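Every number here is computed from the coordinates shown, using simple stated rules; none is lab data. Computed from a prediction, not measured in an experiment: that's the story for all the values here. Positions of Cβ are generated from backbone atoms using ideal geometry, with glycine treated the same way; all protein chains shown enter the neighbour counts.
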There are 2 protein chains.
Amino acid sequence: MPGPTPAKSPVRRADAQRNIAAILEAAVNALSRNPDASVSEIAKAAGVGRVTLYGHFPNRDDLVEAALASAIEQGHAALDAVDLTGDTRQALGRLVHSSWQLVNQSRSLLLAAQGVLPPGRIRDLHAGPVARVEGLVKRGQEEGVFRRDLSTSWLVGVMHSVMHNAADEINAGRLDPDQAAAFITATVLAAFTPPGGRVPS
Amino acid sequence: MPGPTPAKSPVRRADAQRNIAAILEAAVNALSRNPDASVSEIAKAAGVGRVTLYGHFPNRDDLVEAALASAIEQGHAALDAVDLTGDTRQALGRLVHSSWQLVNQSRSLLLAAQGVLPPGRIRDLHAGPVARVEGLVKRGQEEGVFRRDLSTSWLVGVMHSVMHNAADEINAGRLDPDQAAAFITATVLAAFTPPGGRVPS
């Protein structure tokens with residue numbers, strides 16, 4: 001039987017936290033440049049040994065998942081700055097635009113994550129951003145600006161999948177990155193328009 | 001050095017083709033019931049040994065990819081029966097509806113494929129169905145029924161991702177399978193409506 005885990009001193013715990021933060025930062029940066037970035041490369045960029053890295057993230061999949069979670073968390077915090085007041089359709093346009101900038105920066109990291117995580121897990125990691133979109137979509141549905149014949153969660157899923165589709169299309173060379181924000185916004189606003197209503201020009 | 005590959009007799013070649021067909025049919029059936037179906041299970045259902053199976057598909061990922069390709073090819077052939085003449089919007093409605101029945105039947109197989117193939121590869125395997133949708137979308141754009149401010153390939157990608165989103169949402173328990181076809185059709189037709197035009201009721 002293994003003995004009791006030795007209590008870590010506050011100094012060792014602070015070291016571990018510093019290492020984890022450095023590893024995650026290095027992983028987000030490396031995977032945002034190259035979806036195939038190796039664990040060794042990330043350990044080196046973080047200034048830690050491979051053994052230390054594996055002590056925190058037992059395999060590359062865990063590291064990729066933690067890097068995506070970290071990027072989403074940072075992005076979610078950055079989106080606090082988006083003004084969601086006033087006209088709901090315009091507010092959604094601003095949120096789509098700012099969210100897309102973040103997804104676009106992380107296209108390569110997203111590709112790495114798609115290689116190791118099922119789509120459901122990737123969507124679950126977006127719980128924070130999803131909740132924010134959900135609140136705005138609900139408001140638009142209550143105001144009658146967005147359609148009510150489709151469920152809130154469906155509309156949120158449509159926005160999520162249209163943005164990720166844009167990332168895939170750019171990666172495949174079928175979409176000009178400069179057009180993506182306008183294409184996504186136009187598509188989402190049209191998809192949310194109530195039956196009988198006019199699609200925004 | 002290995003000797004020259006022995007020329008296969010017509011009989012042995014016919015055997016191999018029969019085995020491959022049986023393996024693919026068993027793989028499509030097994031993975032459509034359980035995304036985690038094992039290679040042994042599939043070999044057993046196909047009535048071949050594991051060694052024979054591995055001779056044709058060196059690893060499980062190859063087998064999953066070939067099973068998805070086979071299901072898409074069969075589905076693509078089945079969609080020949082869909083009437084694409086007449087009113088373009090109604091024709092697209094019929095195509096979306098029939099395509100969704102096929103995607104829905106293969107939700108579990110799609111989930112298996114998403115676990116081993118990047119989204120770009122999955123979309124590439126849909127080249128046949130994609131070309132069919134593309135022809136119809138182009139016609140609608142030329143007629144002014146579908147929007148022209150977004151590219152044909154973007155609109156096709158939107159339909160693809162909205163359908164796959166529905167599969168993911170059902171798998172996650174957030175969407176009632178009975179509602180999916182109506183939700184997808186309503187979303188796609190709204191997304192394709194030209195700016196200033198009315199969303200179909």
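For the reader, a short list of remarks on this structure follows.
- ³J(HN,Hα), Karplus 6.51/-1.76/1.60, whole Hz, each residue of region A:147-154, x for Gly, Pro: 5, 10, 6, 10, 5, 4, 5, 5
- Separation in nanometres of the label points that stand 7 Å from Cα toward Cβ, at B:Ala127 and A:Ala77: 4.6 nm
- B:Ala182-A:Ala21 FRET efficiency (beta carbon distance; Förster radius 45 Å; 0.05 resolution): 0.45
- Charged side chains reduced to their Cβ positions (Lys and Arg at +1, Asp and Glu at -1) give the protein assembly as shown a dipole of some 440 debye around its Cα centre.
- What you get for chain B, charging only the Cβ of Lys and Arg (+1) and of Asp and Glu (-1), is a dipole of about 320 debye around the Cα centre.
- Per-residue extension of 0.36 nm, minus the Cα-Cα distance of B:Ala69 and B:Lys138, leaves a gain of 22.3 nm for this segment.
- A simple spin-label model places pseudo-atoms 7 Å from Cα toward Cβ; at B:His97 and B:Ser9 they are separated by 5.4 nm.
- Distance between the modelled labels on B:Ser38 and A:Ala45, one decimal in nanometres: 3.9 nm (7 Å Cα→Cβ projection).
- Applying the Karplus relation 6.51 cos²θ - 1.76 cosθ + 1.60 with θ = phi - 60° to region B:99-113 yields 3J(HN,Hα) values of 4, 5, 4, 5, 4, 4, 4, 9, 3, 5, 5, 4, 4, 4, 5 Hz, where x marks Gly and Pro.
- For B:Phe146, residues with placed amide H under 5 Å, excluding near neighbours: B:Gln141
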